[in-house]
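Enquirer: Sharing a structure here in structure tokens format.
The values are calculated or read from the model by the stated rules, or taken from the named source; none is laboratory data. Predicted model, so just to flag it, every value in this text is computed and none were measured. Counting neighbours? That spans all protein chains shown, and the Cβs are built from the backbone with ideal geometry, glycine included.
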Amino acid sequence: GGFRFLRWTWRLTWLSAIAGLGYVGYGIYETRNPVDQPQPDPKKKTLVVLGTGWGSVSLLKKLDTENYNVVVVSPRNYFLFTPLLPSCTVGTIEHRSIMEPIRNFLRHKKAAVKYYEAEATKIDYEKRLVYINDESPIKGDVSQTQIPFDMLVVGVGAENATFGIPGVREHGLFLKEVGDAQAIRNRIMDCCETATFKDQSEEERQRLLHMVVVGGGPTGVEFAGELQDFFHSDLKKWIPEIKEKFHVTLVEALPNVLPMFSKQLIDYTEKTFAEETIDIRTKTMVKNVTDKYIEAESTGPDGKKQLERIPYGLLVWATGNAMRPLVKDLINQIPAQKDSRRGLAVNEYLVVKGADNVWAVGDCAVANYAPTAQVAAQEGAFLARMFNQMAKSEEIEAKLAELSDVQEKASSKEARNQAFDEIKDLQKRLRRMKGVNPFEYSHQGSLAYIGSEKAVADISWFSGNIASGGTITYFFWRSAYLSMCFSTRNRILVLMDWVKAKVFGRDVSRV
Ligand code: FAD
Ligand code: NAI
């Protein structure tokens, strides 16, 4: 009896393995061979979505595209998983691993979606027109046109803030897009190679190997941590000559870094950085940037201010967000937006105040939340749910109109009664659907990598809060970000990059 049982268990295991493989295989086949999509129905409303970032893509993910003629406009034909972008600056992760082509994603939607690789240059909210420009290197006969819309979602994100400080745009590198991460990676290597050039003076070596990061928000902190990791695990092994001089400095105007984290984690980060020999210069405000040094005003313990020159080889500028010109222009057109300073003021349904049929999500919208991916993603998902519901209720309204017509013209009492019953049913459904609750953000917590395989996390747990920092948090950080990656493909690529960096080390070539 026992033997037979074993044999059956064995067979069942095999069967489920084959079924599992078949399932995965079919999944891959389906991903690679998308079915034909129904074309947009011109009778439906045109919904134009600007941007392919966190806000817009989260909306598109949940949106039932059969309900509208959906048009997407963005200069970037991919979604970028920004939380892992700092890792791309030193090659812990390759940038393609955190990019998802928008074409593949849209091709799997239920109904076809139009995508134009272009920048929206102006929104005429009264005429309901968006002006778009093809800004890519290759242009056809037509590179400027306009798109009429019935509904518009603005999810164009933000620009890098420089506060008009001279020299920043010319000499500093930002960290927002894939190109930025590539430029930083190349500059780090260029500085190292140039520092070891024959007959280079000691002073010049010191300058070239001084890596300065301005802005102690999470972008600056995560980049400084990654850079220090790169130095410790790779650079100093392959280029031992730079060992003594390579140095990372983080400059922050406020009294401490990571202001959005709890005090305990700020202290932990500062302590870890000190051990890693990253210099933190708080209460230091950069005022001017030249090609070789920055000028910063620091406030000493006695409250005295002093201006100093800090020579650098690499300057990464991470001082937060500023409004895009498109957003500024829209604000200037709408009287109700005259007090908007940081972005488009929206109401609790994310409608841009003063403009009907225009919604805004993410970093370009101001709804009293921090400009984070977490907020943008929740806002996008909220709009998708609302639009899906709106479409359904419009469908019901149309059906109701049709039924009341039937009821009026019905020849028999029976037919009239039947129409009456159906109308009552539909009206009930409509009332239930119209009760859309306003957007409410649910904060899941803040997470940041701080280097040397340590991370900090402020996690919301039921009604309380857990603050933790260290190596266990680092594994939590890794698994959390891995699970949040856009697709299974991204997840596998990121995992392989991590293994690759661990086994072979990071690549120190410059391209
Ligand atoms: P974005 O994601 O920036 O997308 C904007 C989109 O609009 C892009 O596709 C862009 O190409 C497009 N666009 C720009 N101009 C136009 C135009 N004129 N017309 C049409 N399209 C246009 N947040 C977190 O919550 N957790 C993190 O760990 C985290 N890490 C980060 C790390 C880094 C290095 C950075 C830079 C940010 C990080 N953030 C993080 C913040 C997060 O990335 C942003 O809050 C989020 O990207 C905002 O989403 P969005 O959709 O508003 O804008
Ligand atoms: P930020 O706005 O959070 O921080 C910028 C810092 O630069 C501020 O602390 C500011 O005091 C400082 N600063 C400004 N001008 C300065 C000057 N002239 N000299 C010296 N310091 C100056 O910007 P960041 O880090 O780019 O983040 C942008 C948004 O993205 C934030 O909302 C952040 O929460 C989010 N983000 C979240 C991450 C995470 O959760 N892990 C990672 C990266 C970004």
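Enquirer: I need every pair where a residue in segment 304-331 that is on the phi > 0 side of the Ramachandran plot and at pLDDT 95 or above has its Cβ under 9 Å from the Cβ of a residue that is in a helix (DSSP H, G or I) and surrounded by 13 or more Cβ atoms within 10 Å (Cβ to Cβ), sequence separation at least 6 or different chains.
Expert: Partner pairs satisfying both residue conditions: Gly320/Thr219.
Table: residues versus (1) within 28 Å of Asn67 (Cβ to Cβ); (2) out of contact with any strand residue (DSSP E or B) (no Cβ under 6 Å at 6 or more places or on another chain); (3) surrounded by 13 or more Cβ atoms within 10 Å (Cβ to Cβ).
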{"residue": "Ala391", "(1), (2), (3)": "yes, yes, yes"}
{"residue": "Lys413", "(1), (2), (3)": "no, yes, no"}
{"residue": "Thr473", "(1), (2), (3)": "no, no, yes"}
{"residue": "Ser479", "(1), (2), (3)": "no, yes, no"}
{"residue": "Ser483", "(1), (2), (3)": "no, yes, no"}
{"residue": "Ser487", "(1), (2), (3)": "yes, no, yes"}
{"residue": "Arg491", "(1), (2), (3)": "no, yes, yes"}
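Enquirer: Now a separate question. Return only the number of the condition from (1) touching a residue at least 40 places away in the same chain (Cβ under 8 Å); (2) small (Gly, Ala, Ser); (3) over 27 Å from Ala370 (Cα atoms) that Ala398 does not satisfy.
Expert: (1)
Enquirer: Applying the selection to segment 129-172, what residues are touching a helix residue (DSSP H, G or I) at 6+ places or on another chain (Cβ under 8 Å) and more than 16 Å from ligand 2 (Cβ to nearest atom)?
Expert: Selection gives Met151, Val153, Val154.
Enquirer: For segment 429-442, state whether one or more residues are under 27 Å from Asn368 (Cβ atoms), at pLDDT below 90 and surrounded by 12 or more Cβ atoms within 10 Å (Cβ to Cβ).
Expert: Yes - at least one qualifying residue is present in segment 429-442.
Enquirer: Mind telling me which of the residues Leu15, Leu59 ends up being aliphatic (A, V, I, L, M) and in contact (Cβ under 8 Å) with a residue 24 or more places away in the chain?
Expert: From the options Leu15, Leu59, the qualifying one is Leu59.
Enquirer: Okay, next question. Of all residues in segment 156-171, which are assigned to a loop (DSSP other than H, G, I, E, B), closer than 30 Å to Leu63 by Cβ and in contact with a strand residue (DSSP E or B) (Cβ under 6 Å, 6 or more places away or on another chain)?
Expert: Passing the criteria: Val156, Ala158.
Enquirer: Six or more apart or on different chains, Cβ atoms under 6 Å: show the pairs whose first residue is in segment 271-288 and under 12 Å from Gly451 (Cβ atoms) and whose second is not in a strand (DSSP E or B).
Expert: Every condition considered, the pairs that remain are Glu276/Gln228; Glu276/Ser452; Ile278/Ala224; Ile278/Gln228.
Enquirer: Counting only residues that are within 16 Å of ligand 1 (Cβ to nearest atom), give me the strands (runs of 3 or more DSSP E) lying completely in segment 223-323 with at least 2 of them.
Expert: Answer list for segment 223-323: 314-317.
Enquirer: Go through segment 152-168 and report how many residues are in contact (Cβ under 8 Å) with a residue 12 or more places away in the chain and more than 23 Å from the chain's Cα centre (by Cα).
Expert: 4
Enquirer: Got a number for residues in segment 390-438 being touching a Leu at 6+ places or on another chain (Cβ under 8 Å) and not small (Gly, Ala, Ser)?
Expert: 10
Enquirer: Now, a different point. Go over the candidates Ala401, Ala384 one by one and state the one that is more than 16 Å from ligand 2 (Cβ to nearest atom), modelled with pLDDT of 95 or more and either among the aliphatic types (A, V, I, L, M) or surrounded by fewer than 16 Cβ atoms within 10 Å (Cβ to Cβ) (or both).
Expert: It is Ala384.
Enquirer: I've got another one for you. Residues of segment 46-74 being in contact with an Asp or Glu (Cβ under 6 Å, 6 or more places away or on another chain) and surrounded by fewer than 24 Cβ atoms within 10 Å (Cβ to Cβ), which ones?
Expert: Matches in segment 46-74: Thr46 only.
Enquirer: Here's a follow-up. Which members of segment 338-351 meet the condition of being buried (at least 21 other Cβ atoms within 10 Å of the Cβ) and of a type outside the set (Val, Ile, Thr)?
Expert: Within segment 338-351, Ser340, Gly343, Leu344, Ala345, Leu350 meet the criteria.
Enquirer: Take the conditions among the β-branched types (Val, Ile, Thr), in contact with a helix residue (DSSP H, G or I) (Cβ under 6 Å, 6 or more places away or on another chain) and not in a helix (DSSP H, G or I) and apply them to Val406. Does it pass?
Expert: In short, no.
Enquirer: Moving on to the next point. Scan (1) more than 16 Å from ligand 2 (Cβ to nearest atom); (2) in contact with a helix residue (DSSP H, G or I) (Cβ under 9 Å, 6 or more places away or on another chain); (3) modelled with pLDDT under 95 for the single condition Val358 breaks and write down its number.
Expert: It fails just one condition, (3).
Enquirer: Just need a number here: residues in segment 111-142 that are more than 16 Å from ligand 1 (Cβ to nearest atom) and either part of a strand (DSSP E or B) or surrounded by 16 or more Cβ atoms within 10 Å (Cβ to Cβ) (or both).
Expert: Going through segment 111-142 one residue at a time, the tally reaches 3.
Enquirer: Specify which of the listed residues (Thr92, Thr145, Thr65, Thr82) is modelled with pLDDT of 95 or more, of a type in the set (S, T, N, Q) and within 12 Å of ligand 1 (Cβ to nearest atom).
Expert: Only one candidate passes the filter, namely Thr82.
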